[in-house]
Amino acid sequence: MTETQDSATATADVSLAGLSKDFTGAAGQLSILRNVDLSLNRGDALAVTGPSGSGKSTLLYIVGLLDELTGGTIEILGSNPTSMSESDLAKFRNEHLGFIFQDHHLLPQCTVLENVLIPLLAGKGVADADERRARELLTRVGLADRVTHRPAQLSGGERQRVAVCRALINQPEILLADEPTGNLDHATADAVGDLLLELSREQNVLLICVTHSTELAGRFPQHMELRDGRLEPVS
């Protein structure tokens, strides 16, 4: 166990204790996650690996408040999401969490700049300072000359970099990435992986990335594996 995982306290930005997730189907009950404990704070960067179907994405979606746990407890940024209404959950996600998926999910009819600003439309709206921040983020990822382009005019790696900027536009405390390099070639995947780790350090964001890539996971300061529903550190 790392020091961070040993010190599971109420002050942790992400705290899971005895978390479990079950699904009930035609064949009966299936346990996806079993007694998962996890404690992370801003500045931490954790990669989670495991076989297909091991529950990596399920774990990420529970932390991202997109799925519900079956048992145990969860605390995110000092709040208990199980006590929140759907509208409060949506507001909390938009204000505090950033998401990056394997598929970039950019809107094809919008420009690069507009895609980055989309999360703000669900909240406070877009101010001049927000547009400046969006342009700064796009410059940081090497897309200053692409702000008026549409997704179809970008490469796969460029689209994923736009998705990273979109995830960071609200200055989230927690950044969640689900197979962010899964659709990219090796060189582009390396570049996007480097970018995620660099930006998480610069922005002091808590980064959790689930991936099949052991190469990407090996570059994270913390690496854990899901097997048989249990989360264990990788030495």
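The values are calculated or read from the model by the stated rules, or taken from the named source; none is laboratory data. As the structure is a prediction and not an experimental result, all values here were calculated from the model. Using ideal geometry, Cβ is built from the backbone for each residue, glycine included, and neighbour counts are taken over all protein chains shown.
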Evaluate the following for Ser39: is it at pLDDT 95 or above and more than 12 Å from Met224 (Cα to Cα)?
-> yes
Provide a single number: the residues in segment 152-165 that are farther than 14 Å from Ser200 by Cα, free of Cβ contacts under 8 Å to residues at least 60 places away in the same chain and either in a helix (DSSP H, G or I) or among the hydroxyl-bearing types (Ser, Thr, Tyr) (or both).
-> 8
Among the residues of segment 91-128, write down those that are buried (at least 18 other Cβ atoms within 10 Å of the Cβ) and small (Gly, Ala, Ser).
-> Gly98
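Would you pick out the residues in segment 148-157 that are buried (at least 18 other Cβ atoms within 10 Å of the Cβ) and either modelled with pLDDT of 95 or more or farther than 21 Å from Ala189 by Cβ (or both)?
Filtering segment 148-157 down to residues buried (at least 18 other Cβ atoms within 10 Å of the Cβ) leaves 151, 154, 157.
Answer for segment 148-157, where residues must be buried (at least 18 other Cβ atoms within 10 Å of the Cβ) and either modelled with pLDDT of 95 or more or farther than 21 Å from Ala189 by Cβ (or both): Pro151, Leu154.
Name the residue that is surrounded by the most Cβ atoms within 10 Å (Cβ to Cβ), counting only residues in segment 193-207 that are touching a Leu at 6+ places or on another chain (Cβ under 6 Å) and under 13 Å from Ala167 (Cα atoms). Before the answer, list the steps.
We begin by selecting, within segment 193-207, every residue touching a Leu at 6+ places or on another chain (Cβ under 6 Å); these are 193, 200, 205-207.
Okay, now just the ones that are also under 13 Å from Ala167 (Cα atoms), so 200, 205-207.
Numbers: Ser200: 22, Val205: 21, Leu206: 24, Leu207: 26.
It comes out as Leu207.
Here's the yes/no breakdown for (1) touching a helix residue (DSSP H, G or I) at 6+ places or on another chain (Cβ under 7 Å); (2) part of a loop (DSSP other than H, G, I, E, B):
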residue	(1), (2)
Pro119	yes, no
Lys124	no, yes
Asp130	yes, no
Glu136	no, no
Asp145	no, no
His149	yes, yes
Which one of these does Cys209 not meet: (1) within 11 Å of the chain's Cα centre (by Cα); (2) not in a strand (DSSP E or B); (3) not acidic (Asp, Glu)?
-> (2)
From Leu226, Leu231, Leu176, which residue is touching a residue at least 60 places away in the same chain (Cβ under 8 Å), of a type outside the set (Gly, Ala, Ser), under 27 Å from Leu69 (Cβ atoms) and in contact with a Phe, Trp or Tyr (Cβ under 7 Å, 6 or more places away or on another chain)?
-> Leu176
